[in-house]
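Written out below as structure tokens is the structure these notes cover.
The values are calculated or read from the model by the stated rules, or taken from the named source; none is laboratory data. Source: prediction; values computed, not measured. With ideal geometry, Cβ positions are generated from the backbone for all residues, glycine too; neighbour counts draw on all protein chains shown. Accessible surface is based on the protein model in full, side chains and every heavy atom, while ligands, DNA and RNA are left aside. Shrake-Rupley method; radii C 1.70, N 1.55, O 1.52, S 1.80 Å.
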Amino acid sequence: MPNIVVVGTQWGDEGKGKVVDILTPQVDVVVRFQGGNNAGHTVVVGREKYVLHSIPSGILHPNVRCVIGCGVVLDPASVIEEMEGLVRRGVTLDGNLFISKNAHVILPYHPALDRASEAKLGARRIGTTGKGVGPAYVDKAARVGIRMADLLDEKLFRDKLEWNIAQKNRLLREIYDAPTFAVEDILNPYLRYAGWLAPYITDTSLLLSKWIDAGYDVLFEGAQATMLDVDHGTYPYITSSSTTAGGAATGSGVPPTKINGILGVAKAYTTRVGGGPFPTEMKGPLGETIRQRGNEYGATTGRPRRCGWFDALVLRYAVRINGIETVALTKLDVLDQCDTVKICTGYRYKGDVLTEMPAEETVLQQAEPVYEEISGWMSSTTGAKIEADLPAKARQYLARLEELIGVPFCMVSTGPQRAETIVTESSPLTRWYPAVRSSLL
Ligand code: GDP
Ligand code: IMO
Ligand code: MG
């Protein structure tokens, strides 16, 4: 039975939450494998809207188990608030949510360092979510981080916390001129959080291994996206985790040999929140129009998202880096009223046209997009059930995108609702999940 990874192909917010929610009834387990509460995954069910931050989007389905893997960094206060909010809305967590012992903990000095570092960077700031995700991964790599397992060991937690606070306070005071922390102010609340979370904390890689051996289907839910990957993204304007498909193995403890397929999620245009190069950004009023039509405001911070045209270089790169076999294309409806639609097919830089993603910061900052323009369809796509329901020009747009990125679309989404989704006829998705098409018709 297939174990499939869902990854973002652009700079995040492609609609991964919606895609995972649609696929969840076809699987037994959904796993988050990286990132933290910097993520905001929106799932719309009828009149209800859920925004998931640390918890897998699969949690809305009562018969599916959800795992927060070792590659995630977890803010206990934030995850408890998220859990309580879900329980208030009737979601079952007990027996359905499992948190890795190895996941690293975001402690109050991490958001403080995140914000202080951003302030110090000035014009070079990343535009982080301020959740402390970057500094928590710094501690993990520096081997001074505190894991969920450590939080459950009071003496060890106190030792590690004392050592960390002494170091962090020096940094905050001497480098950043920012307020410092006292051990006792953190220790007691975090021991309480540990007690609250203890029933959920376990060896999740062992559980996953047993479940996979028993024939369970696992879906890996990526957060952020390829262009924000710590190795493959637009460094340094990235997040601090491995957002690409390889991260699903390291961030869950499931070996790569047990992963059977990779599905990318892409918007029919592009958005980015925060700083960093964005060659196809629309700087004029059209950008604002798309922002309004697509409701492009951050699900975590509420910041307006920068909007731009579809970038085929980015998608081709994402297909290559992740090994994507098929793409779910979202938000086609947002382009419904555009009289022309542009597709970026290359970057012009110093007289040359680049057709592969450049790694150099300066090249990306100065790259001028080369566009192909097609005339818009100027009619509604919302709620189309099959491809034939789409206007001919919209189908032409999709066909050209598929040709440029080299893999077929498995889904085309035309609205936030579950039912506003086409599963394409030739979709590889039906090979992995034979019932998915009928589940939406
Ligand atoms: P994620 O972080 O990748 O899960 O994406 P977000 O949830 O941050 O952002 C995607 C937004 O677009 C959410 O508000 C979704 O409800 C919404 N959405 C998803 N698919 C579509 C679509 O096809 N059309 C429209 N109009 N909205 C969509
Ligand atoms: P989802 O999972 C869009 C961006 C931030 C910033 C950079 C680093 O909803 O797609 P961080 O707080 O991670 O250190 O910020 O990454 N970023 C996201 N952008 N969607 C996200 O998540 C993001 N998570 C982080 O805006 O530019
Ligand atoms: Mg999001």
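May I ask you to list the residues in region 219-267 that are open to solvent by less than 10 Å² (accessible area, probe 1.4 Å), within 16 Å of ligand 3 (Cβ to nearest atom) and of a type in the set (A, V, I, L, M, F, W, C)?
Ala223, Ala225, Met227, Val265, Ala266
Which one of Val319, Val363, Val341 is over 20 Å from Ala223 (Cα atoms), touching a Gly at 6+ places or on another chain (Cβ under 7 Å) and away from ligand 2 (no atom under 16 Å from the Cβ)?
From the options Val319, Val363, Val341, the qualifying one is Val341.
What is the number of the single condition among (1) away from ligand 2 (no atom under 16 Å from the Cβ); (2) in a loop (DSSP other than H, G, I, E, B); (3) at pLDDT 95 or above that Asp94 does not meet?
That leaves (3) as the condition not met.
Check region 208-229 and report whether any residue there is among the β-branched types (Val, Ile, Thr) and over 27 Å from Pro2 (Cα atoms).
No, region 208-229 contains no residue that is among the β-branched types (Val, Ile, Thr) and over 27 Å from Pro2 (Cα atoms).
Take Gly58 and decide whether it is assigned to a helix (DSSP H, G or I), in contact with a Cys (Cβ under 6 Å, 6 or more places away or on another chain) and within 29 Å of Glu325 (Cα to Cα).
yes
Across region 396-412, what is the total count of residues that are crowded, with 23+ Cβ neighbours inside 10 Å and closer than 13 Å to Leu263 by Cβ?
Residues in region 396-412 being crowded, with 23+ Cβ neighbours inside 10 Å and closer than 13 Å to Leu263 by Cβ: 3 in total.
Say whether the condition of being within 13 Å of ligand 2 (Cβ to nearest atom) and farther than 28 Å from Thr202 by Cα is met by at least one residue in region 238-256.
Yes - at least one qualifying residue is present in region 238-256.
Can you tell me which residues in region 291-339 are in contact (Cβ under 8 Å) with a residue 60 or more places away in the chain, among the polar types (S, T, N, Q) and either more than 14 Å from ligand 1 (Cβ to nearest atom) or out of contact with any strand residue (DSSP E or B) (no Cβ under 6 Å at 6 or more places or on another chain) (or both)?
Those that are in contact (Cβ under 8 Å) with a residue 60 or more places away in the chain, among the polar types (S, T, N, Q) and either more than 14 Å from ligand 1 (Cβ to nearest atom) or out of contact with any strand residue (DSSP E or B) (no Cβ under 6 Å at 6 or more places or on another chain) (or both): Thr300, Thr301, Asn322, Thr326.
When you scan region 261-271, do you find a residue that is over 13 Å from the mean Cα position of the chain (by Cα), over 21 Å from Ser100 (Cβ atoms) and not assigned by TED's automatic domain parsing to the domain that holds Trp11, even just one?
There is no residue in region 261-271 that is over 13 Å from the mean Cα position of the chain (by Cα), over 21 Å from Ser100 (Cβ atoms) and not assigned by TED's automatic domain parsing to the domain that holds Trp11.
Can you tell me which residues in region 33-56 are more than 10 Å from ligand 2 (Cβ to nearest atom) and open to solvent by less than 10 Å² (accessible area, probe 1.4 Å)?
Result: Phe33, Val43, Ser54, Ile55, Pro56.
I'd like the full set of residues that are aliphatic (A, V, I, L, M), open to solvent by 10 Å² or more (accessible area, probe 1.4 Å) and in contact (Cβ under 8 Å) with a residue 60 or more places away in the chain, limited to region 268-290.
Listed by number, the list holds a single entry, Val273.
Would you confirm whether or not region 340-356 contains a residue that is in contact with a strand residue (DSSP E or B) (Cβ under 6 Å, 6 or more places away or on another chain), in the same structural domain as Lys16 (by TED's automatic domain parsing) and within 16 Å of ligand 3 (Cβ to nearest atom)?
no
Please specify each residue of region 61-86 satisfying the condition of being surrounded by fewer than 22 Cβ atoms within 10 Å (Cβ to Cβ) and part of a helix (DSSP H, G or I).
If the condition is that a residue be surrounded by fewer than 22 Cβ atoms within 10 Å (Cβ to Cβ) and part of a helix (DSSP H, G or I), then Pro76, Ala77, Ser78, Ile80, Glu81, Glu82, Met83, Glu84, Gly85, Leu86 are the ones that fit.
Based on what the data block shows, is Pro277 of a type outside the set (Val, Ile, Thr), in contact with a helix residue (DSSP H, G or I) (Cβ under 6 Å, 6 or more places away or on another chain) and within 12 Å of ligand 2 (Cβ to nearest atom)?
Considered against the rule, which asks whether it is of a type outside the set (Val, Ile, Thr), in contact with a helix residue (DSSP H, G or I) (Cβ under 6 Å, 6 or more places away or on another chain) and within 12 Å of ligand 2 (Cβ to nearest atom), Pro277 comes out as yes.
Look through region 8-32, keep the residues that are assigned to a loop (DSSP other than H, G, I, E, B) and either within 9 Å of ligand 1 (Cβ to nearest atom) or over 13 Å from Gly58 (Cβ atoms) (or both), and return whichever of them is most open to solvent (accessible area, probe 1.4 Å).
So, considering only residues that are assigned to a loop (DSSP other than H, G, I, E, B) and either within 9 Å of ligand 1 (Cβ to nearest atom) or over 13 Å from Gly58 (Cβ atoms) (or both), the one most open to solvent (accessible area, probe 1.4 Å) is Asp13.
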